[in-house]
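The values are calculated or read from the model by the stated rules, or taken from the named source; none is laboratory data. On a predicted model such as this, the values are computed, not experimentally measured, just so you know. Please note: Cβ atoms are built from the backbone with ideal geometry, for glycine as well, and neighbour counts cover all protein chains shown. For the accessible areas, the whole protein counts, side chains as well, though only heavy atoms, and no ligand, DNA or RNA atoms are used. Shrake-Rupley method; radii C 1.70, N 1.55, O 1.52, S 1.80 Å.
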Amino acid sequence: MASTEHAVETRPGVLQEMARRHLWMHFTRMSAYEQHDIPIIVRGEGCYVYDEHGKRYLDGLSALFCVNIGHGRGDIAQAGADQARELGFFTNWSYAHPPAIELAARIAALAPGDLNRVFFTSGGSESVESALKLARQYFKLTGHPTKTKVVAREIAYHGTSLGALSATGITPLRQPFEPLTPGGLHVPNTNTYRLPQGVSEDWFADAIAEKIEFEGPETVAAVILEPIQNAGGCFTPPEGYFQRVREICDEYDVLLISDEVICAWGRLGEWFGAARYGYQPDIITTAKGLTSAYAPMGAMIASDRVAEPFLKGSNSFTHGFTFAGHPVCAAVAMANLDAFEREGVLENVRANEQAFREMLDSLRDLPIVGDVRGAGYFHAIELVKDKETKESFDDEESETLLRGFLSGELYRHGLICRADDRGDPVIQLSPPLIAGPEQFEEIEQILRPILTEAGDRMHVEGEHHGQGYVERRGG
Ligand SMILES: Cc1ncc(COP(=O)(O)O)c(C=O)c1O
């Protein structure tokens, strides 16, 4: 009998072969898979996913900081299916539909202060791109046409489209595509672990004011910052940082964009990261956890003040994407937020984040663990060659440590996390927000022996520093 169902390929090696031949994986050295299998994940349930051989993995990264509610939720899938049957698609270009309207109102109610206007996108880069374009057009409409530049931080990742890439501060991601959209400026990130000697933490915010002064305030449209900067390894803001940045933005009439592609939707125990650190942005960019990645969707949320000039006369924001506000994605987002509220997902993060942190801090006795930082369910472990001096690994050593050993070894032992060297080498952990002590223990049991072996392989010596590690733990 004819079936409309597509049968999943199960013949040994066939998926591998097809993937090698046809699938262009993102940010991936494809040649690495000439000798090794491509990890093929076929299903998920809660905090766990399963590969094509049926092997189980703890998803310590929520896929890519996005499956916040956990895997395999039939209710969320059902919401998408129901909406597809009712209205599979209509656009937000001059038309509206109930799922986008209801989701926009819901997001506005959750967002801080007067961030009441929601412009949907299909993902994070589109959200950032939209915010940068909005900032430019806002200043053109309000009589400041030369305000076009954006200040971002070194090593920060804000996406890959050419505008967003001009804000991204990771040189190897920028160089292949130069010349980029003009106007991307960079200041130091809040890496307090490597704060230059004799410099106070006030320097981080002051550097933004200095950059604006240097460029000329009449040329700067926006400052874009994550509540906690992911790339480089979960750089948290020092006390008062965002309050000072807010003052600077007000002083120079510059829009503050809070890039919450990762830090919203419970990742830090709040609906938005700005709420965790008590600041009021002019624009929030978000994606990922909005739908827990069950459907691709992002949003740019603008304040009433920023939206106002676009609502008058013949003005409009001359920008859009066909799929943005997709009804199926919006219905999925609604079901996801329903589940968050019904199941107390934010409360779970708040109740357990300390236990998560304590587990990670317990690894500080290992010679290779230099720093542990982050908040909520969003943390990084920085790996060092010498804990005493904080000496890091050079490029070749990082390559050997991360790609040559850690990434593969962690995966082989059933833990999905990220070994990253966009800044100094770090292991990033960002589990689904439904995780708890059982998963933390599992993470520790996999990480400890592997990081111990990594230290041995890299000849990181601990013995002669003795007690020092323990004494410095709190510092
Ligand atoms: C802070 C931030 N901004 C923007 C992006 C880009 O999002 P996307 O990959 O959905 O385009 C990311 C992706 O991780 C991100 O973390």
Where chymotrypsin sites (Phe, Trp or Tyr not before Pro) fall in DSSP loop in the range 148-256, at most 16 other Cβ within 10 Å: none
Highest average packing first - 244-250, 194-200, 307-313, 158-164, Cβ atoms within 10 Å: 158-164, 244-250, 307-313, 194-200
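Arrange the peptides 142-152, 274-284, 337-347, 80-90 so that the one whose residues have, on average, the most other Cβ atoms within 10 Å appears first. Spell out each step's value before the answer.
Values: 142-152: 19.1, 274-284: 22.5, 337-347: 16.2, 80-90: 14.2.
Descending mean neighbour count gives 274-284, 142-152, 337-347, 80-90.
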Farthest positive-ward along the chain dipole, Cα basis, beta-carbon charges - from Q428, A84, G462: A84
Translational D in µm²/s for the range 1-130 (Stokes-Einstein at 4 °C, 1.567 mPa s, Kirkwood Rh from C-alpha pairs): 69 µm²/s
The chain - percent relative contact order, Cα under 8 Å, separation 6 or more: 20 percent
Of all DSSP beta bridges in the chain, antiparallel share, percent nearest 5: 65 percent
Estimated FRET transfer efficiency (T322, R106; beta-carbon r; R0 25 Å; 0.05): 0.65
Descending Cα extents along the principal axes, the chain, whole Å: 76, 71, 43
Mean Cβ neighbour count within 10 Å, used as a protection proxy, ranking 22-31, 218-227 highest first: 218-227, 22-31
nm² value of the averaged projected area, convex hull over the Cα atoms of the range 88-199: 11.0 nm²
Gap separating the Cα centres of the range 102-131 and the range 286-350, nearest whole Å: 4 Å
Alpha-carbon Rg with Dmax, taken over the range 301-342, Å: 14.8, 43
Nonlocal amide H pairs with R153, under 5 Å, H built at 1.01 Å: V187
In sequence order, calculated HN-Hα J values of the range 405-422 (Karplus, 6.51, -1.76, 1.60; Hz; x Gly/Pro): 9, 4, 4, x, 5, 5, 5, 4, 8, x, 10, 9, 8, 10, 9, 10, 10, 5
Debye log10 I(q)/I(0) for the range 83-132, one point scatterer per Cα, at q = 0.12, 0.16, 0.18, 0.31 Å⁻¹: -0.32, -0.56, -0.70, -1.19
Cα point-scatterer Debye curve for the range 172-250, base-10 log of I(q)/I(0) at q = 0.21 Å⁻¹: -1.10
Computed Rg/Rh of the range 329-437, alpha carbon atoms with Kirkwood Rh: 1.07
Violating pairs (Cα-Cα greater than 29 angstrom) within the set K55/K288; K133/K288; K140/K288; K147/K390; K133/K312; K149/K390: K140/K288; K147/K390; K149/K390
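Calculate, for the range 46-97, the solvent-accessible area per residue in square angstrom, rolling a 1.4 angstrom probe over the heavy atoms of the protein chains. Numbers along the way, then the final one.
On the way: 2490 Å² over 52 residues.
Solvent-accessible surface per residue comes out at 48 Å².
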Accessible area of the chain belonging to carbon and sulfur atoms, whole % at 1.4 Å probe: 52 percent
Helix-only [θ]222 nm of the chain, DSSP H runs n ≥ 4, -39500 (n - 2.57) each, per residue, nearest 500: -10500 deg cm²/dmol
